[in-house]
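What follows is calculated from the coordinates using simple rules that are stated; it is not laboratory data. All figures in this text were calculated on a predicted structure; none of them were measured in a lab. Here the Cβ is made from the backbone with ideal geometry for all residues, glycine too, and neighbour counts use every protein chain on show.
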Amino acid sequence: MEELIRTTDPVLISHVEALLSGEEIIYFVADTNMSILDGSLGFLPRRIMVETDRFDDARALLKEAGLEHYLKEA
């Protein structure tokens, strides 16, 4: 799996999850449980990881949705 985005924004995470699910791209939100360590303040970013073979599809999907500025540099 490869890192698609890294963010502390829970709304963005939900939006990206919906986009990826709609295209049946398998993903994983890493570091979700790290909020326990930061006291649920939300300052530790979460990473959205996608399958390596669908990584380019996921990047194109986010660009099409106008979210290209959130993408991790390739």
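For the chain, build the charge dipole from Cβ charges (+1 Lys, Arg; -1 Asp, Glu) around the Cα centre, then report which of 62, 50, 29 sits farthest towards its positive end.
The residue sitting farthest along the positive end of the dipole is 29.
What does the charge add up to near residue 23, with Lys and Arg as +1, Asp and Glu as -1, over the other residues with Cβ less than 14 Å from its Cβ?
Counting the neighbours of residue 23, the net charge comes to -4.
Whole-Hz Karplus ³J(HN,Hα) for the stretch 55-68, in order, using 6.51 cos²θ - 1.76 cosθ + 1.60 and θ = phi - 60°, x for Gly and Pro?
Rounded to whole hertz, the list is 4, 5, 5, 5, 4, 5, 4, 5, 5, 4, 7, x, 10, 4.
Loop only per DSSP, at most 13 neighbouring Cβ atoms within 10 Å: give me the GluC sites (Glu not before Pro) in the stretch 43-74, ordered by residue number.
For GluC sites (Glu not before Pro) across the stretch 43-74 that sit outside H, G, I, E and B with at most 13 neighbouring Cβ atoms in 10 Å, the list reads 73.
Quickly estimate the mean residue ellipticity at 222 nm for the chain, helices only: each DSSP H run with n ≥ 4 gives -39500 (n - 2.57), and the total goes over all residues, rounded to 500.
-9500 deg cm²/dmol
Using volume of the Cα convex hull per residue in Å³ as the read-out, say which of (i) 83; (ii) 105; (iii) 72 was calculated from these coordinates.
(i)
Quote to one decimal, in nm, the extra length available between residue 32 and residue 12 on full extension: 0.36 nm per residue of separation minus the C-alpha distance between them.
Going from the current span to full extension adds 5.8 nm.
Tell me the relative contact order for the chain as a rounded percent, counting alpha carbon contacts under 8 Å between residues six or more apart.
Once normalised by length, the contact order is 46 percent.
Give me a comma-separated list of calculated 3J(HN,Hα) values for the stretch 10-24, in order, Karplus coefficients 6.51, -1.76, 1.60 applied at θ = phi - 60°, integers in Hz, x for any Gly or Pro.
x, 5, 4, 4, 4, 5, 5, 4, 5, 4, 5, 4, x, 9, 6
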